[in-house]
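Reading through the structure tokens given below for one structure.
The values are calculated or read from the model by the stated rules, or taken from the named source; none is laboratory data. A quick note: this is a predicted structure, and the numbers were derived from the prediction, not measured. As a convention, Cβ positions derive from the backbone with ideal geometry for all residues, glycine included, and neighbour counts pool all protein chains shown.
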Amino acid sequence: MTEDAAPLVKATGLVKRYPAFTLDDVSFSVRAGSITGFIGRNGAGKSTTLKCLEGSVHPDSGHIAYFGQTFAGHEAEAKRSVGFELAGADFYRTKRLSTIASVTARFYPT
């Protein structure tokens, strides 16, 4: 990947306000081949940032792009290529992995 290639994900100026918490001006990018982790104290905004990135929380301002395209307007396309796990996966303990994969695969075209 060249230095000029678009990052896999780029967040610019993300802001999300709640009554007791504000995610304030979060910006970062992740390039192909890199490993990125969010480290911080409880309540620092790690989960809120990830929820903004996966679309379950809409930021009050800022921009998100995947593969050089804005997330707004290309959400379905981005979600076909990106996966998130924000908490423990609570699968059916008595089901085989192949059964779980067969059921969840129905939600994704590829």
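Annotation note: of 46, 10, 79, 51, the sole residue that is touching a Ser or Thr at 6+ places or on another chain (Cβ under 6 Å) and either of a type in the set (Lys, Arg) or surrounded by fewer than 10 Cβ atoms within 10 Å (Cβ to Cβ) (or both) is 10. Looking across the stretch 25-43, the residues that are in contact with a strand residue (DSSP E or B) (Cβ under 9 Å, 6 or more places away or on another chain) and either at pLDDT 95 or above or among the small types (Gly, Ala, Ser) (or both) come down to 25, 26, 27, 28, 29, 43. Just to be sure before I move on: is residue 26 closer than 19 Å to residue 82 by Cα and surrounded by 11 or more Cβ atoms within 10 Å (Cβ to Cβ) in the structure I sent? Taking the combined requirement at face value, the residue does not satisfy it. With respect to (1) among the hydroxyl-bearing types (Ser, Thr, Tyr); (2) surrounded by 11 or more Cβ atoms within 10 Å (Cβ to Cβ); (3) farther than 23 Å from residue 108 by Cβ, the lone exception for residue 34 is condition (2).
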